[in-house]
Each structure stands twice: as structure tokens, then as C-alpha cells.
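A short write-up of the structure that comes next.
The values are calculated or read from the model by the stated rules, or taken from the named source; none is laboratory data. As the structure is a computational prediction, the values presented were derived from the model and not from experiment. Note: ideal-geometry Cβ built from the backbone for every residue, glycine included; neighbour counts use all protein chains shown. Only protein heavy atoms, including side chains, enter the accessible area calculation; ligands, DNA and RNA are left aside. Shrake-Rupley method; radii C 1.70, N 1.55, O 1.52, S 1.80 Å.
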Amino acid sequence: LVLTDPPYGIGKAKWDKKFPIWSVDLCFSKARIVIITPGIWCLGDCISLMGDRYRWTFCGRCLNGISQRGAIGFNNWIPAVLGGDPIPKGMDVFDYNLISGHPIEADHPCPKPLSFIRWLINRVDVYTILDPFMGSGTVLRAAKDLGRRAIGIEIEEKYCKIAVKRLRQEVFGFRKEG
């Protein structure tokens, strides 16, 4: 699986100059299933670039807030475009709540909710995940939490450091009493 959140080309940061159209074919050359979160502005481009490999668009829907103000209104959902092999049927919308002020996610201009990324990974029956636009390491953290292998690639050193910090965090296994 390639699961990635590339730049949208909307100027959220100095590296966010344009959507990397070249990356779609490259992702398919590395995996049989590709999921890209292209943002609202690049949704049509991403689907078009996938061509006949396009299968579906999943949605992460924020229940307790408005994630951003766009040129045509408020946005409270994240599209995730699926291409490649079909996946098992199930829900195509994942509802989540924002946790404001998370210290690690606050260091990136466009973090994705960890719970949404875990849900996307669980939709696919694969054990190795590649994220060529790793950012703060959300995909890698989700993969680790789910016992999957993951490879991340990131051009910005500061985001690599954030990802390393996130991957060092461990989840405590609590057992039920009784």
C-alpha cells in the first residue's frame, strides 16, 4: 500500500507550491493499492490522474469543528482517493473529533487525524506501507500502532525529527479486568 498526503499546491507552507502530478504514477509503480489524500482543491486532479485505476473516495468527517476556511466555504472533511485493487466493502465515511493543541501535530501545517489514517490502513489487507510524503509521520505512527511495517520518505529534516519523536511513543496495552 502507498498511503500518502502530498502537497496540495495551495501555499500552506514554502514547500506547498503545487500538487505533484508526477507522484500518482510513481505510487502505482510501487504498490498495487494507492490511497492519496489530495485535499479538496486537488481531488478532481487526483481522480483524473488515476484514470481507470481509480476505485473510490473515502471521507474523514470532522464532527466537532471546522478544519479550514476555503474560497468557497468551510471544510470539515478530508477526501482519501483509492486506486488499484478493489478493497472489501464497508463504510466509506469515518467520523472523528479533533483534539486541539496536540503538541506534535501542531508542528505541521496540515496534519491528518491519526484515527482516520488508522481506519484507512485497516481497510486494506496489506502489511507494508509506503508514505513518500511522510510529513510528521502520521502514516508511520498508525502503521506501528497496527503492527504493520512502514517506510517513510520526507524532504524536510524538521518533519523527520517530529516523526522520529512520534515513533518513539509507545501505546500502553491495558487489559480488561474481570
Of the residues in the range 112-167, those that are in contact with a helix residue (DSSP H, G or I) (Cβ under 6 Å, 6 or more places away or on another chain) and of a type in the set (Ser, Thr, Tyr) come to SER136, THR138
With the first residue restricted to the range 138-166 and required to be within 18 Å of ALA31 (Cβ to Cβ) and open to solvent by less than 40 Å² (accessible area, probe 1.4 Å), and the second required to be small (Gly, Ala, Ser) and assigned to a strand (DSSP E or B), Cβ contacts under 6 Å at 6 or more apart or on different chains are LEU140/ALA150; LEU140/GLY152; ALA143/ALA150
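Tell me which helices (runs of 4 or more DSSP H) are completely within the range 99-178 and hold 2 or more residues being at pLDDT below 85, or say none if there are none. Before you say what the answer is, go through the steps one by one.
Values: elements: 114-122, 138-145, 157-168.
The qualifying helices (runs of 4 or more DSSP H) are 157-168.
Restricting attention to the range 14-44, report how many residues are of a type in the set (D, E, K, R), open to solvent by 20 Å² or more (accessible area, probe 1.4 Å) and either within 13 Å of ALA80 (Cα to Cα) or not in a helix (DSSP H, G or I) (or both). Lay out the reasoning, then the answer.
Filtering the range 14-44 down to residues of a type in the set (D, E, K, R) leaves 14, 16-18, 25, 30, 32.
Pick out the ones that are also open to solvent by 20 Å² or more (accessible area, probe 1.4 Å) and you get 14, 17-18, 25, 30, 32.
Still in the running and either within 13 Å of ALA80 (Cα to Cα) or not in a helix (DSSP H, G or I) (or both): 14, 17-18, 32.
The total comes to 4.
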Restricting the range 119-137 to residues that are over 9 Å from the mean Cα position of the chain (by Cα) and among the charged types (D, E, K, R), the one least open to solvent (accessible area, probe 1.4 Å) turns out to be ARG123
Subset of the range 140-158, residues of a type in the set (A, V, I, L, M, F, W, C) and closer than 12 Å to PRO6 by Cα, comes to ILE153, ILE155
